[in-house]
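Since the structure comes first, as structure tokens, the remarks are kept for the end.
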Amino acid sequence: MPKRILIVEDEEKIARFIELELKHEGYEVEKTGNGREGLKKALEGSYDLMLLDIMLPELNGLEVLRRLRRESSLPVILLTARDEVMDKVAGLDGGADDYITKPFAIEELLARIRLVLKKAETLQKAAKGSDESVERNPNRYYYDRLVLDVERHEVHFGEAGIELTNREFELLHILLENKNIVLTRDVLMNKVCGYDFVGETNVIDVYVRYLRAKIDERFQIKMIQTVRGVGYVIREE
Ligand code: CA
């Protein structure tokens, strides 16, 4: 089933552009340029995600979010303008799942949508507590002839063992766990180095270089792909 996305954005050009790109990616899309109507649709419709502008006629985005959150946990990504820093903070406090600042690269928006949808799916599964819940996540990940074994903390390529540092291992683990999802440097940083790590996000570039030297170059594969201006991804072969 295609995921359904609701766009609430009163700038027709932006809304139309996002709609076309999302449809191109296989999402089902509805849009409205009015806050009150957006809220109504979000509460009535069966959407998987809402893209919500802040400055909207009738009901602004933050108010839409506040009212939505009384009854619904529908994932929300805020579309904010550069000078709306306080609104971003208020939005995240108010239960937005993420925000993106206009103007943005469409690839960046698509990456964030995939992440938020994936997070929502994981939460849903965990909440259901079915056998398909998080515990059943595999302990091994594969790419080509590479195997990453989480429990043993080992990586092999065919018969050959690969020595990785903890952070290299974590980085590879996260990329394999999220195959086909482009992860931004910020996200990778937080996961690999921890939220309290203070440093440049280009440390991720350094770890990627190490991984490529130890794996891609050694075994002549192209596993870790760079998505320019966004981050990294390992795609299904
Ligand atoms: Ca607006």
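Compute the acute angle (0 to 90°) between the alpha-carbon long axis of helix 106-128 and the principal axis of greatest extent of the alpha-carbon atoms of the chain; round to the nearest 10°. On a 0 to 90 degree scale, this one is about 80. Classify the chain from the C-alpha gyration tensor, please: rounded if a/c falls under 1.5, else prolate or oblate depending on whether a/b exceeds b/c. Prolate is the answer for the chain, as a/c is 1.5 or above and a/b outweighs b/c.
Round to the nearest 10 and give me the degree value, 0 to 90, for the angle of helix 166-177's Cα axis relative to the longest principal axis of the chain. With both axes taken from Cα atoms, the answer is about 60 degrees. Any of Lys40/Lys118; Lys13/Lys222; Lys13/Lys125; Lys13/Lys40; Lys88/Lys214; Lys3/Lys214 with alpha carbons more than 32 Å apart? Name them for me. As for pairs spanning more than 32 Å Cα to Cα, those are Lys13/Lys222; Lys13/Lys125; Lys88/Lys214; Lys3/Lys214.
Could you compute how much accessible surface Tyr210 exposes when probed at 1.4 Å, giving the result in Å² to the nearest 10? Its heavy atoms expose roughly 110 Å² to the probe.
Counting only residues 5 or more places away or on other chains, whose amide H sits under 5 Å from the amide H of Asn34 once H atoms are built in the peptide plane? Residues meeting the criterion, in which the H sits 1.01 Å from N, are Glu9.
Among the trypsin sites (Lys or Arg not before Pro) in the stretch 21-116, those located in a DSSP loop and surrounded by at most 13 other Cβ atoms within 10 Å of their own Cβ are Arg70, Arg82. Note that the chain presents 56 Å² accessible area per residue, ligands and nucleic acids not counted, probe 1.4 Å. Against the main long axis of the alpha-carbon atoms of the chain, helix 35-44 sits at an angle near 60°. I need the shape label for the stretch 1-44. Rule: rounded when a/c is under 1.5, else prolate if a/b > b/c, else oblate, with a, b, c from the alpha carbon gyration tensor. Oblate is the answer for the stretch 1-44, as a/c is 1.5 or above yet b/c matches or exceeds a/b.
For Phe157, the solvent-accessible surface computed with a 1.4 Å probe is close to 20 Å², ligands and nucleic acids excluded. The alpha carbon gyration tensor of the stretch 143-198 gives principal lengths a ≥ b ≥ c with a/c of 1.5 or higher and a/b no greater than b/c, which makes the shape oblate.
For Ile5, the amide hydrogen comes within under 5 Å of the amide hydrogens of Glu28, Val29, Glu30, Asp48, counting only partners 5 or more places away or on other chains and with H modelled in the peptide plane.
Of Val150, Val192, the order by accessible heavy-atom surface (1.4 Å probe, DNA, RNA and ligands excluded), from most exposed downward, is Val150, Val192. Expressed as a whole percent, the accessible area of the stretch 14-71 that falls on carbon and sulfur atoms is 45 (1.4 Å probe). Structural descriptor for the chain: relative contact order 12 percent, calculated from alpha carbon pairs under 8 angstrom and at least 6 residues apart.
The values are calculated or read from the model by the stated rules, or taken from the named source; none is laboratory data. Just so it is clear, the structure is predicted and the values come from calculations on it, not from any experiment. We place every Cβ from the backbone using ideal geometry, glycine too, and count neighbours over all the protein chains shown. With ligands, DNA and RNA removed, areas are computed over all heavy atoms of the protein, side chains included. Shrake-Rupley method; radii C 1.70, N 1.55, O 1.52, S 1.80 Å.
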